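Novice: The structure follows.
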Amino acid sequence: MSIWDVEKSKHKSFEMPGAKPHYNPDRPGQVEHICLNLSLDIPKQSVEGTCEITIKPVRNDIHELIFDAVNLQITAVTIQEIAQRFEYDGEFLKVYLAEPTIKEERFKIAIAYGVIQPQRGIYFIQPTEFYPQKPTQVWTQGEDEDSRFWFPCFDYPGQLATSEIIVKVPAELTAISNGKLLNVISDSDHKIYHWYQQEIHPTYLMTLAVGDFLEVKDQWQDIEVNYYVDKSRTEQEARLSMGKTPRMIEFFSEKYGYRYAYPKYAQVCVADFIFGGMENTSTTLLTDRCVLDERAALDNRTTESLVAHELAHQWFGDLVVIKHWSHAWIKEGAATYAEVLWTEHEYGAIEAAYYRLGEARNYFAEDAERYRRPIVTHVYREAIELYDRHLYEKGGCVYHMLRTELGEELFWQSIHAFVQQNAHKTVETIDLLRAIEQASGKNLMPLFDQYVFRGGHPEYKIGYSWDSENNLAKVTVSQTQDQLFDLRIPIAFGFEGEAELKTFTIRIFEKEQALYFPLSQKPSYISFDHENNYLKQVTLEYSLAELKAGLEFNPDPLAKIQYAEAIAKKGSLEAVKALEKALLSEPFWGVRLEVAEVLASIKLDQAFTALAQGLGDEDARVRKTVIAGLAKTKTQASLDLIKPILKHGDPSYNVEATAASCIGDLAQALSNQRPPDGVIQLLQTTLTEKAGWNEVIRSGAIAGLAKIKDSDQALETILLYTAPTTPQPLRLAAIRALGTIGKSQTKPKTEQILNRLEVIARESFFLTQVSVVIALGQIDSSGAIRILQALSNQTPDGRVKRMADEAVTKVQAAIGSDASIKQLREELEELKKNNQELKSRLEAIEAKSNLFS
Ligand SMILES: [Zn+2]
């Protein structure tokens, strides 16, 4: 027993070793315009040209300028054709101005430069030996600090300028960039595109996308809306995926109180993209994995949300720009909340509430499993680390709470004020608070203090009882988290057969509070935080009668889900009956899905029978959850139910994939009763026959095989699909599957798996590295730690580095202190050895110097 155990926080720290405070640099002047004039050599993966930057100095007598410029070849720097002396170290370009600056006297500095085989910033995609079908494309990715890898600049979001890109590309390709297309000049072999962005924006939003695209034209008012997909896709697929864009532009223009600000909106779907999407000003890039086909569109709303998210950034991020990455939640939270807003507009309030719950849960998972941090922080290793579930999902939930606190009218007035006042400017969190205060008179600093400037969220335990003698409802609320929250929460009482609830808004601020509510009659159910607008977690300690009534009658889907969870915890036959009824009669699919999920946690045969009825649900998302739930019982009966789904098919890719993954799990669980050969055979047939959209089904089959740990055949098949000729999404699934099958594996197999992962870890593609890290993080072996550490040291990507470091910690914990101590000992021995060598060398030097003294 040690006092340190008591003191230790439950949550891991966000700050990794090496994290430090980050600030914007001093500003020598205002950058007014950036003009790139470039020529691409795609086979050589190189760019050559000039970057001309117009600067208006902020003061007199500046003699030097320092630009961000990583791994460029700088050939000349001139001002009005007069060469300027410069120094370049591969990271910063320092220019000694021949004439010192005169305040506000603008000048143009021209930098002639080249880029060869860049590691970041600009990406060259071409057919390879293994992927001869891969399209030829060039695209850029600036956020957060990668524009400096393709042009010299002051690379931070605090500088806004107009921009211009003139680019020479092979004649058969199209080049798309920010703003307006001024002209295209062609000769027999080349085309020169000239794009001009006349609204000011930061360097990280400058972009270029080049390829042989299918262009699909759409329109909103007088603004061109274009979708670009690879030629192998159809116009119908492009419209299926992005066709709601004009309606979304209409919606956000109206909601945000500011008409879409740019002359066009293009969405370009590119291969091997390293994010889901990137909101470059007026030219969003999207991963080509988001392009749907008819069947994928059945139960995929991710693409629609992605389109809404990136579009919302055209206001939050591009029009209103964050001054520093530490305030990135202003834009990411807003864009994440825009997904909720669009869902509400398109599918209704119930769907939107459920979507918001999904976002909250993503944040809760990161908070519980990874780390807890304030949303606003400027202490990190690399800014990209901030792009996490706190920034996006928790940020989105904060916007929703602002809407709750202010009410519909004042919230939108505040948003309008914020956007209008800060259009074409940079902002920090305080600017949002000020806009709210100006538009509504309300000071929301207390809410920001609790949810934005510090980590965590309230975790409430709620009890209820009825005092029939005095007609009093007693509600007890305790806050079980460390730091108390002080919020005004609506507590409502519902009565069967009455649509209207009786609501009291109560300040909840103490560790424990007992509240008494006089009511005319006994309520049927209690709704704590009615409509669930506050970001929080709850444990409901109500009796089954109130929970059942709530599940049936409370109109709020999130409350229904909380009741269902609490009912399942009771675990009784009566609980099963209540859940079964909801599974069969609840109109909203999200509640049915959640009910299926909790039914699966009840260890009763009746729960299994009830759940099995959900296999016939009309919604694919529910069917998928039912299958996963049935598989949890690990019985022959569930295998018998699930196997035919894969054999005979389902309209949804996801349902078939889940079935494939689950039967693998079941075959392993039942392997002492019967050999898993039949299942392995079925999964292998799936692999040969069910190639298709994003390889969803075949990836499910690989996940299924990965569960059959004891089978040599399963491992051999997975290894086969890690070959570089395998279609990329399937190969990534196979790499990740090596982690699943490698967990607690025999020594020779572990070695075989680690050998393969070590080879793959040398590949530079971002998604491959991520898959390798995910796999290694599951393998409890010091060999995995060694590969992870090597990857962490070598990767140029801050996200991969962080994931690898976190995986090392995870594996170390898994293999237990024994192995970690062994490793520490080895490291200590190594240090001792180094120390000894150093000492020997030092002594040798001293001995020599003594000779001369
Ligand atoms: Zn975003």
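Novice: Placing unit charges on C-beta atoms (Lys and Arg positive, Asp and Glu negative, everything else neutral), compute the dipole magnitude of region 232-306 about its Cα centre in debye, rounded to 20. Before the final figure, lay out each step's value.
Specialist: Values: 10 positive and 11 negative charges, 51 e Å.
Result for region 232-306 is approximately 240 debye, rounded to the nearest 20.
Novice: Count the net charge of all other residues whose Cβ sits under 14 Å from the Cβ of Ile111, scoring Lys and Arg as +1 and Asp and Glu as -1.
Specialist: Working: positive: Arg85, Lys94, Lys108, Arg148; negative: Glu48, Glu52, Asp68, Glu81, Glu87, Asp155.
Computed value for this residue: -2.
Novice: Then there's this: Let me see the pair-distance distribution of region 737-793: every alpha carbon pair, 5 Å bin width, integer percents in order.
Specialist: Histogramming region 737-793 at 5 Å steps yields 4, 23, 37, 24, 10, 2 percent.
Novice: Helix 728-742 against the longest principal axis of the chain: what's the angle in degrees, Cα atoms only, rounded to the nearest 10?
Specialist: Tilt of helix 728-742: around 60 degrees.
Novice: What figure, in Å² to the nearest 10, do you get for the accessible area of Glu351 with a 1.4 Å probe and non-protein molecules left out?
Specialist: In the full protein context, Glu351 sits at about 30 Å².
Novice: So for Asp482, Asp529, what's the accessible-area order with a 1.4 Å probe, most first?
Specialist: Values: Asp482 115, Asp529 0 Å².
Order by accessible area, largest first: Asp482, Asp529.
Novice: Could you work out the mean projected area of the convex hull around the alpha carbons of region 434-563, in square nanometres to one decimal? List each step's numbers first, then the result.
Specialist: Numbers: hull surface 35.7 nm².
Average of the hull's projected areas for region 434-563 equals 8.9 nm².
Novice: A follow-up question, please. Normalised by the empirical 2.2 N^0.38 Å for globular proteins, what value does the Cα Rg of region 201-245 take? Mind showing how you got there, number by number?
Specialist: Details: Rg = 12.4 Å, N = 45, 2.2 N^0.38 = 9.3 Å.
It is 1.33.
Novice: Same structure, new question: Using only helices, what value at 222 nm comes out for the chain when you add -39,500 (n - 2.57) per DSSP H run of length 4 or more and divide by the total residues, to the nearest 500 deg cm²/dmol? List each step's numbers first, then the result.
Specialist: Working: 26 runs with 362 residues, N = 853.
Result for the chain: -13500 deg cm²/dmol, rounded to the nearest 500.
Novice: I've got another one for you. To the nearest 10 degrees, how steeply does helix 395-422 sit against the main Cα axis of the chain, on a 0 to 90 scale?
Specialist: 30 degrees
Novice: Given points 7 Å out from each Cα along the Cα-Cβ axis, report the Glu369 to Glu500 separation in nanometres with one decimal.
Specialist: Placing both labels 7 Å beyond Cα along the Cβ direction yields 4.6 nm.
Novice: For the pair Glu346/Asp187, report the inter-label distance in nm, with labels modelled 7 Å from Cα in the Cβ direction.
Specialist: 4.6 nm
Novice: If you don't mind, another one. In whole percent, how big is the carbon plus sulfur part of the accessible area of region 62-187, probe 1.4 Å, protein atoms only?
Specialist: Values: 2860 of 5780 Å².
Here it works out to 50 percent.
Novice: Report the charge-dipole magnitude of the chain in Debye, nearest 20, computed about the Cα centre from +1 at each Lys and Arg Cβ and -1 at each Asp and Glu Cβ.
Specialist: On the way: 93 positive and 119 negative charges, 329 e Å.
The calculation lands at about 1580 debye.
Novice: Sticking with this structure for a sec: What percent do you get for the relative contact order of region 458-548 when only Cα pairs under 8 Å and 6+ apart count? Write down the numbers at each step before the final one.
Specialist: Values: 179 pairs, mean separation 33.9, N = 91.
Value for region 458-548: 37 percent.
Novice: I need the fraction of alpha carbon pairs in region 323-451 separated by more than 26 Å, rounded to a whole percent. Don't jump to the answer; show the numbers that get you there.
Specialist: Working: 1701 of 8256 pairs.
Above the 26 Å cut-off, region 323-451 has 21 percent of its Cα pairs.
Novice: Right, next: So if I take the alpha carbon set of the chain, get Rg, then get Rh from the Kirkwood formula, what is the Rg over Rh ratio? Before the final figure, lay out the partial values.
Specialist: Details: Rg = 29.5 Å, Rh = 30.0 Å.
Using Cα coordinates only, the ratio equals 0.99.
Novice: Compute the FRET efficiency between Glu64 and Lys103 as 1/(1 + (r/R0)^6), taking r as their Cβ-Cβ distance and R0 = 22 Å, and round to the nearest 0.05.
Specialist: Details: r = 16 Å, r/R0 = 0.74.
It comes to 0.85.
Novice: Compute the acute angle (0 to 90°) between the alpha-carbon long axis of helix 245-255 and the principal axis of greatest extent of the alpha-carbon atoms of the chain; round to the nearest 10°.
Specialist: 80 degrees
Novice: Under a 1.4 angstrom probe, counting protein chains only, how are Ser232, Ser163, Ser601 ranked by accessible area, largest first? Can you show the working numbers first?
Specialist: Numbers: Ser232 90, Ser163 5, Ser601 65 Å².
Accessible-area ranking of Ser232, Ser163, Ser601, largest first: Ser232, Ser601, Ser163.
Novice: Just going by the charge dipole of region 30-123, with Lys and Arg at +1 and Asp and Glu at -1 on Cβ, which of Thr78, Tyr88, Phe67 is farthest out on the positive end?
Specialist: Farthest towards the positive pole: Phe67.
Novice: What is the Cα coordinate range of region 68-189 on the first, second and third principal axes, sorted by size from largest, in whole angstrom?
Specialist: Principal extents (Cα only, largest first): 54, 33, 29 Å.
Novice: Which value in nm describes the separation of the simple spin-label points at Lys461 and Lys603, placed 7 Å from the Cα toward the beta carbon?
Specialist: Modelled inter-label distance: 2.3 nm.
Novice: Taking a probe of 1.4 angstrom, what is the accessible area of Met803 in Å², to the nearest 10?
Specialist: 60 Å²
Novice: Compute the accessible area per residue over the chain, keeping the other protein chains in place, probe 1.4 Å, unit Å².
Specialist: 43 Å²
Novice: Dipole size in debye (nearest 20) for region 458-548 around its Cα centre, Lys and Arg Cβ +1, Asp and Glu Cβ -1?
Specialist: Working: 9 positive and 14 negative charges, 11 e Å.
So the dipole magnitude of region 458-548 works out to roughly 60 debye.
The values are calculated or read from the model by the stated rules, or taken from the named source; none is laboratory data. As the structure is a computational prediction, the values presented were derived from the model and not from experiment. Here the Cβ is made from the backbone with ideal geometry for all residues, glycine too, and neighbour counts use every protein chain on show. When the accessible area is computed, the model is the full protein with side chains, heavy atoms only, and any ligands, DNA or RNA have been set aside. Shrake-Rupley method; radii C 1.70, N 1.55, O 1.52, S 1.80 Å.
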